[in-house]
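Nothing in this text is a laboratory measurement; each read-out follows from the coordinates by a stated rule. All values derive from a computational prediction rather than experimental measurement. As a convention, Cβ positions derive from the backbone with ideal geometry for all residues, glycine included, and neighbour counts pool all protein chains shown.
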Amino acid sequence: NWSHEVIAKRGYGYGYYDVFSDNNLFSKYTNRLKVYSQSDLQEAVSWIEPELDKVFDHAGATLLTQRYLSPDELIQEVFLVTALVLAIPERMDERMSYARDFYMAIANRKISLATPILANLRFEGGSGTSCFILSVEDSINSIFDNVKNTARISQEGGGVGVNLSRIRAVGSWVRNKPNVSGGLMSWIRIFNDTAIAVNQGG
């Protein structure tokens with residue numbers, strides 16, 4: 001199955017971590033994890049409960065691994081590293097406690113993380129915010145500045161909502177000429193095509 005393939009590819013499974021080496025479980029993730037000491041990370045890997053993989057049926061595990069995991073990751077590792085990153089803002093003396101609580105809540109499916117968080121937060125540049133709202137003014141500059149913003153947010157894994165209510169309606173005046181405006185639909189297509197072309201995290 002998927003877990004056996006990962007273990008065969010990289011040469012180790014759950015419980016075979018050396019966080020003190022230069023090439024370890026955490027080396028491929030965000031540098032923000034450096035707020036933890038190596039003894040903290042050694043403790044953190046001891047929290048992993050491989051049995052919790054079994055709460056997923058085959059279809060659920062396949063979807064999770066294909067959409068959210070890198071080819072060399074196991075499910076509980078992703079949950080653990082995500083929990084560690086989520087706990088970084090907490091006070092140093094409480095951070096590990098929060099990280100463990102986060103891991104257990106995620107692993108036991110007591111909370112469900114939004115796609116941008118679960119897919120990207122553990123990597124460099126990953127965002128802890130899943131959705132962004134852009135407000136577009138009724139001008140060419142504002143429209144295309146926000147098309148670019150849509151692309152950049154989506155590239156970093158964020159979801160984008162766009163407020164186009166300020167754009168003039170069909171038949172409105174443009175530069176003192178009546179019945180010129182084509183309305184919203186052409187602009188909506190541009191924003192939609194941008195979001196599709198630059199898929200989340202792509």
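Using only the alpha carbons, work out the radius of gyration and Dmax of segment 1-63 in angstrom.
Using the Cα atoms of segment 1-63, the pair Rg, Dmax is 13.6, 37 Å.
Pick out, in residue order, every one of the GluC sites (Glu not before Pro) in segment 1-98 that is DSSP loop and has at most 16 other C-beta atoms within 10 Å; say none if there are none.
Details: sites: 5, 43, 51, 73, 77, 90, 94; in loops: 73, 90, 94.
Listed in order of number, the matching sites are 90, 94.
What shape does segment 2-120 take by its C-alpha gyration tensor, where a ≥ b ≥ c are the square roots of the eigenvalues and a/c under 1.5 counts as rounded, a/b above b/c as prolate, and the rest as oblate? The partial results should precede the final answer.
Details: a/c = 1.73, a/b = 1.24, b/c = 1.39.
Here segment 2-120 falls in the oblate category.
I'd like the Karplus ³J(HN,Hα) series for segment 90-97: coefficients 6.51, -1.76, 1.60, θ = phi - 60°, whole numbers in Hz, and an x wherever there's a Gly or Pro.
6, 4, 4, 6, 10, 4, 5, 5
Taking the Cα atoms of the chain, what is the range of coordinates along each of the three principal axes, in descending order and whole Å?
71, 39, 31
How large is ³J(HN,Hα), in whole Hz, for each residue of segment 156-167 in order, when computed from phi with the Karplus curve 6.51 cos²θ - 1.76 cosθ + 1.60 and θ = phi - 60°, using x for Gly and Pro?
For segment 156-167, the Karplus-derived couplings read 8, x, x, x, 10, x, 10, 8, 10, 5, 7, 6 Hz, x marking Gly and Pro.
Can you sort 27, 127 so the residue with the fewest Cβ neighbours within 10 Å comes first?
Numbers: 27 10, 127 15.
Result, fewest neighbours first: 27, 127.
Pick out, in residue order, every one of the trypsin sites (Lys or Arg not before Pro) in segment 22-60 that is DSSP loop and has at most 16 other C-beta atoms within 10 Å; say none if there are none. Walk me through the numbers on the way to the answer.
Working: sites: 28, 32, 34, 54; in loops: 28.
Within segment 22-60, the qualifying trypsin sites (Lys or Arg not before Pro) (loop, at most 16 other Cβ atoms within 10 Å) are 28.
Mean residue ellipticity at 222 nm from the helices of the chain, using -39,500 (n - 2.57) per DSSP H segment of n ≥ 4 over the full residue count, to the nearest 500 deg cm²/dmol?
Details: 8 runs with 88 residues, N = 202.
So the calculated ellipticity at 222 nm is -13000 deg cm²/dmol.
In 5 Å bins starting at 0, how do the alpha-carbon pair distances of segment 131-197 split up by percent?
Bin by bin from 0 Å, the calculated values are 4, 17, 28, 23, 13, 8, 5, 2, 0.
Search the structure for amide H atoms under 5 Å from the amide H of residue 162, placed 1.01 Å from N in the peptide plane, and list their residues when 5 or more places away or on another chain.
It is 134, by chain and number.
Going Cα to Cα from residue 110, which lysines come in below 24 Å? Please leave out same-chain ones fewer than 8 positions away.
Straight-line reach from residue 110, under 24 Å: 54.
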